[in-house]
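These notes concern the structure reproduced below.
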Amino acid sequence: MDLRTAHRTAESLLADLPSRWAHSRRVLEQAQRLAPVLGADAEVLAVAAVLHDVGYASTAVDTGQHMIDGARHLSRLGVDPEVCSLVAFHSSSEWEAAELGLSAELAAFRRPSSELLDAITYCDLTSGPGGAAVDPVSRLDEVLQRYGPDHVVHRAVFAARPALLGMVERVEKRLTGCGQS
Ligand SMILES: [Fe+2]
């Protein structure tokens, strides 16, 4: 799926979720900023970025773990397996899947390269829930507050936080190395 089609697909799936769509557009912008460090992988990251949260769309919801649901939905649409893998594994997905007993469902998708997984997670964590650019530490704090301590997302994000911030840091270093930050 090319970027134009991915953009249209995400816009239509998220039509009832305007904040998620605004957030997804910002994630795409962040992905496009990473193009100089990604080279040939820039297109796959951009496509995955704009599609990364389609698992919240009512037509995609199945397990309730939005990364897995989005990846499954895209897989049914015939989207490139590499894009589906990035959607499946983005951000705190592995921790959420473990909390929910869905690790086997996640393992149906191939784990992306750490370079691309770092990249999509960086884009997600630097994009606020309404589409503003945000600092990743505040973004994770906002997620922890939005979902109370008993919620699976809170537990997963709390456990994942050090690893997620490490991913952000690796991408920032690469951007600095490329003279892009
Ligand atoms: Fe997101």
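When VAL87, VAL50 are checked against the criterion of being in contact with a His (Cβ under 6 Å, 6 or more places away or on another chain), surrounded by 21 or more Cβ atoms within 10 Å (Cβ to Cβ) and closer than 21 Å to ALA132 by Cβ, a single residue qualifies: VAL50. GLY131 meets all of the listed conditions (1) touching a residue at least 40 places away in the same chain (Cβ under 8 Å); (2) part of a loop (DSSP other than H, G, I, E, B); (3) surrounded by fewer than 16 Cβ atoms within 10 Å (Cβ to Cβ) but one, namely (3). For region 94-106, the criterion of being within 16 Å of the ligand (Cβ to nearest atom) and open to solvent by 20 Å² or more (accessible area, probe 1.4 Å) is met by at least one residue.
Here is a yes/no grid of residues against (1) touching a Cys at 6+ places or on another chain (Cβ under 7 Å); (2) open to solvent by 30 Å² or more (accessible area, probe 1.4 Å); (3) closer than 22 Å to LEU14 by Cα:
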{"position": "SER91", "(1), (2), (3)": "no, no, yes"}
{"position": "SER114", "(1), (2), (3)": "no, yes, no"}
{"position": "THR121", "(1), (2), (3)": "no, no, yes"}
{"position": "ARG139", "(1), (2), (3)": "no, no, yes"}
{"position": "LEU144", "(1), (2), (3)": "no, no, no"}
{"position": "PRO149", "(1), (2), (3)": "no, yes, no"}
{"position": "VAL168", "(1), (2), (3)": "no, no, no"}
{"position": "GLY177", "(1), (2), (3)": "no, yes, no"}
{"position": "GLN180", "(1), (2), (3)": "no, yes, no"}
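Of the residues making up region 75-84, those that are open to solvent by less than 60 Å² (accessible area, probe 1.4 Å) and either under 14 Å from the mean Cα position of the chain (by Cα) or over 20 Å from LEU14 (Cβ atoms) (or both) number 2.
The values are calculated or read from the model by the stated rules, or taken from the named source; none is laboratory data. Here the structure is a predicted model, which means the values were calculated and not measured. Every residue, glycine among them, receives a Cβ derived from its backbone with ideal geometry; neighbour counts consider all protein chains shown. Calculation scope for accessible area: heavy atoms of the full protein, side chains included, ligands and nucleic acids excluded. Shrake-Rupley method; radii C 1.70, N 1.55, O 1.52, S 1.80 Å.
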